[in-house]
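Below is one structure, written out as structure tokens; the observations come after it.
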Amino acid sequence: MSSESERWDAELSERTSPAPLLQSWAWGEVQSRAGWSVERVRAGTAMATVLLRKVGPVREAYVPRGPVPATAEAIDSLMEWSRSRRIARIVVEPEAGADLSEGLSARGFHNTAPIQPQHTRIVPLGPPADLLKTFKHGRRYNIRAGIKRGVTVEEGKDAAELARQSAAVERRESISLPDRRYYQLLLDLLPWCRTYNALDPYNQEALATVLVARHDGRAYSLFAGRTGRSRELMGNDLAWWSAISSAAEAGCKDFDLWGVPPPRAHPNHPWIGIGVFKSEFGGEEIAYCGAWELVLSGSRAAVLNAERKVRASIRGLKRNIP
């Protein structure tokens, strides 16, 4: 890391702890190579890694898990910066609870569809032997069964295997996930990012993969996938357990399981299954205030909306081409 990047991350940590991974210098580097323009903003009390998208002369901004600190005063500073840069529309997703919602609404923001998980589960970490005891019985049983059946877990930087495992999830759940190139960016550019591949003891083929990043004392399971093959070997449980226990051994304070369904979600919610799975690792459910949008120029935001509709139409046409 450069002195500039180290200074940025250190200043974030002074404002809040743990500092959000998605506001780190390295996360901005990942997004700059994924197609965004990135500006790192210091404005009044606020710091923010701002992702920018441009349509002709019109710009919109997105601030994932920011600004830092997640306060009304920091929002004010970010609004002032946005106006000075003639931003047409800005979306923020502060790492704050619902108590910030009133302040955002009073400033003209409107709640919009979340981009990052609005609900998650964070597991406090400790010695692995003690940690395992806090898991629900079924999860403990599966982990111990997987170990007895010879499943091993390999830590590495295997973007190709994660892409293969994720593709199986895409087909099974009819969802869209990033491709190998994005996983490789995370593995290459985040200071600490690894994959955990659970391996079949009979042929050493991967059964499941979890990708984890660590930042400022917190570990994050950003992506995961499994083929669904040989489920009796409990490979998925072992991949997750290895990721969690390794973070604990490395001294991380907690582990963000990164996305669960909202409380009292409908039984048909697409995340119900993963929510039950993650709940058996214990920890606490956390609800953030979600994504909030502020339109600073109605005419220029209309240009962005029109372009977005065109892109959506093109994607629809591509899906229908045999």
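The values are calculated or read from the model by the stated rules, or taken from the named source; none is laboratory data. Not measured: the values here are computed from a predicted model. For neighbour counting, all protein chains shown are included, and Cβ atoms are generated from backbone atoms with ideal geometry for every residue, glycine included. SASA here: full protein model, heavy atoms, side chains in, ligands and nucleic acids out. Shrake-Rupley method; radii C 1.70, N 1.55, O 1.52, S 1.80 Å.
Considering only region 36-125, what is the antiparallel percent among its DSSP beta bridges, to the nearest 5? Within region 36-125, antiparallel bridges account for around 70 percent of the total. The residue among Asn142, Ala159, Leu125 whose Cα reaches farthest toward the positive pole of the charge dipole of region 118-164, with charges on the beta-carbon of Lys, Arg, Asp and Glu, is Asn142. For the chain, the solvent-accessible area works out to 48 Å² per residue, with a probe of 1.4 Å and every protein chain left in place. Computed from point charges on the beta carbon alone (+1 for Lys and Arg, -1 for Asp and Glu), the dipole magnitude for region 168-296 about its Cα centre is near 220 Debye.
Dipole size of the chain about its Cα centre, with +1 on Lys/Arg Cβ and -1 on Asp/Glu Cβ: approximately 1200 debye, rounded to the nearest 20. Take every DSSP beta bridge with both residues inside region 204-280 and express the antiparallel ones as a percent of the total, to the nearest 5. Once the DSSP bridges in region 204-280 are tallied, antiparallel ones form about 75 percent.
Pull up the DSSP beta bridges for the chain and report the antiparallel fraction as a percent, rounded to 5.
Antiparallel bridges: around 85 percent, rounded to the nearest 5.
The apolar share of the surface of the chain, taken as the fraction of accessible area on carbon and sulfur atoms (1.4 Å probe, ligands and nucleic acids excluded), comes to 51 percent.
Any idea how far the Cα center of region 272-290 sits from the one of region 182-209, in Å? Measuring centre to centre over Cα atoms gives 23 Å. With the convex hull drawn around the C-alpha atoms of the chain, the volume per residue stands at 150 Å³.
If you plug the beta carbon distance of Lys136 and Glu285 into 1/(1 + (r/R0)^6) with R0 = 22 Å, you get a FRET efficiency near 0.95.
Here is how the number arises for the chain: DSSP H runs of 4 or more residues each give -39500 (n - 2.57), the sum is divided by the residue count, and the result at 222 nm is -12500 deg cm²/dmol.
Ignoring everything but the protein chains, give the 1.4 Å probe accessible area of His215 in square angstrom, nearest 10. My reading of the accessible area for His215 is about 30 Å². What base-10 log of the normalised intensity I(q)/I(0) is obtained for region 17-141 from the Debye formula, alpha carbons as equal point scatterers, at q = 0.22 Å⁻¹? Taken in order of the listed q values, log10 I(q)/I(0) reads -1.34.
Each part reduced to its alpha carbon centroid, region 102-136 and region 39-67 end up 22 Å apart. Think of the chain as a dipole: +1 on every Lys or Arg Cβ, -1 on every Asp or Glu Cβ, centred on the Cα centre; then among Ala239, Ser17, Gly56, Gly56 lies furthest on the positive end.
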